[in-house]
Amino acid sequence: MKKILSIVLAVSMLFALALNAGAAVGSTNLDAGISGETSKPVKVTVNGVEVSSTIYYVVVEWDSLNFTYDFDEAGRVWDPEQHEDIITEGNAGWEVDTANGQDSIANGVKGDITVINHSNAAVQYSAELAVGTDLGGVSVALSGDDAKTLTSGVGLTFATADKGTFAVEVTGAPTAKVEAITTVKTLNIEITAA
């Protein structure tokens with residue numbers, strides 16, 4: 001019987017969008033004898049469309065971040081025709097869920113995360129892994145653009161919007177069997193105005 005360890009990376013995206021006022025303010029002429037300040041909005045037009053404020057539209061896409069280690073160990077299987085035990089080699093390792101976007105890497109598996117900016121202003125994101133359950137020989141790391149400034153979507157199409165991609169890589173082997181789903185790391189993604 002296979003003993004399977006499922007590892008779940010909890011994804012918590014912290015969207016700390018500092019919203020900037022997009023309408024500029026200018027001064028107007030004051031009537032004689034009146035003191036004080038006044039202002040009026042300035043109209044901003046982007047591609048023929050009047051824009052009155054910054055609109056943030058950031059898409060985060062990710063492959064499956066559920067990783068499963070198979071403890072398929074060497075063992076003995078009875079061969080009824082030969083009337084003897086046959087020793088089998090173990091095939092332990094990370095199962096790769098290609099149907100959900102995972103890829104195999106040296107001694108492990110990875111899932112990609114892509115951040116796409118469709119906003120009318122630049123944004124920046126940064127990703128980090130928070131401490132979770134220690135499983136001995138298992139390592140979890142980020143690779144690729146885990147921090148990047150994405151340009152505004154103004155003048156781009158939906159398909160050509162600026163994006164950044166990074167991966168969560170899980171390598172090594174657990175030093176002990178765990179039968180329950182275990183969170184080994186939490187992935188935090190912070191997105192802010194650039």
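The values are calculated or read from the model by the stated rules, or taken from the named source; none is laboratory data. These numbers come from a predicted model, not from an experiment. Here Cβ is always computed from backbone atoms with ideal geometry, including for glycine, and neighbour counts include all displayed protein chains.
A compact table of results
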read-out: Single residue of VAL109, VAL131, VAL123 found to be exposed (fewer than 15 other Cβ atoms within 10 Å of the Cβ), hydrophobic (A, V, I, L, M, F, W, C) and touching a residue at least 40 places away in the same chain (Cβ under 8 Å); value: VAL131
read-out: Qualifying residues in region 94-110 (those that are among the hydrophobic types (A, V, I, L, M, F, W, C) and outside any loop (DSSP other than H, G, I, E, B)) - the one modelled with the highest pLDDT; value: VAL109
read-out: Top-ranked residue of region 90-106 - restricted to ones that are in contact with a strand residue (DSSP E or B) (Cβ under 9 Å, 6 or more places away or on another chain) and surrounded by fewer than 13 Cβ atoms within 10 Å (Cβ to Cβ), ranked as farthest from ALA141 (Cα to Cα); value: GLY90
read-out: Residue check for GLY111: more than 20 Å from ASP63 (Cα to Cα) and in contact with a strand residue (DSSP E or B) (Cβ under 9 Å, 6 or more places away or on another chain); value: no
read-out: Strands (runs of 3 or more DSSP E) wholly inside region 31-93 that include at least 1 residues being within 28 Å of ILE189 (Cβ to Cβ) and at pLDDT 65 or above; value: 44-46, 58-62, 66-70
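Rundown of residues vs (1) touching an Asp or Glu at 6+ places or on another chain (Cβ under 8 Å); (2) modelled with pLDDT under 95, yes/no style:
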position: ALA122; (1), (2): no, no
position: SER126; (1), (2): yes, no
position: SER143; (1), (2): yes, no
position: ALA161; (1), (2): no, no
position: THR175; (1), (2): no, yes
